[in-house]
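K.L.:
The structure's right below; bear with me while I get my questions together.
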Amino acid sequence: MVNLALLAVGAAAICSGGAAVLQASAVRRLPTASAVNARFVVRLARSPRYLMALALVVAGFGSSILALRSLPLSWSRPVVPRASPSPPCSRSSPCAFGCAATR
């Protein structure tokens, strides 16, 4: 059972990291928006990359629950990432919400 839980910790970390990359990639592929509005959200919801990122978030969340229920908290919590990753904004690229960072 411990081996399965350790695999779940690794899977949760990989899913969370992959979801962050796919979310950022999906947002960068959309046309630049000055604000988050309904049209932007609809276009994002139709993006296969963004939908795959949401699936990875759900898979990572399920894996983290399995790990947290099976392992001592001191083993699993430092490794299990947050459920919904958000990449940081940078000066050269837009953030996850499509806004540009101030210079």
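K.L.:
Can you tell me which of (1) modelled with pLDDT of 90 or more; (2) charged (D, E, K, R); (3) surrounded by 13 or more Cβ atoms within 10 Å (Cβ to Cβ) is the one ARG77 doesn't meet?
P.N.:
(1)
K.L.:
Of the residues GLY18, GLY10, only one is under 30 Å from LEU68 (Cβ atoms), of a type in the set (Gly, Ala, Ser) and under 11 Å from the mean Cα position of the chain (by Cα); which?
P.N.:
GLY18
K.L.:
Being loosely packed, with under 15 Cβ neighbours inside 10 Å and either in a loop (DSSP other than H, G, I, E, B) or charged (D, E, K, R) (or both) is the filter here, so list the residues in segment 31-55 that pass it.
P.N.:
PRO31, THR32, SER34, ALA35, VAL36, ASN37, ARG39, ARG46
K.L.:
On to the next question. So how many residues does segment 12-26 have that are touching a Gly at 6+ places or on another chain (Cβ under 6 Å) and either outside any helix (DSSP H, G or I) or of a type in the set (A, V, I, L, M) (or both)?
P.N.:
1
The values are calculated or read from the model by the stated rules, or taken from the named source; none is laboratory data. For clarity, every value in this text was computed on a predicted model and none was experimentally measured. Cβ atoms come from the backbone with ideal geometry, glycine included; neighbour counts cover every protein chain shown.
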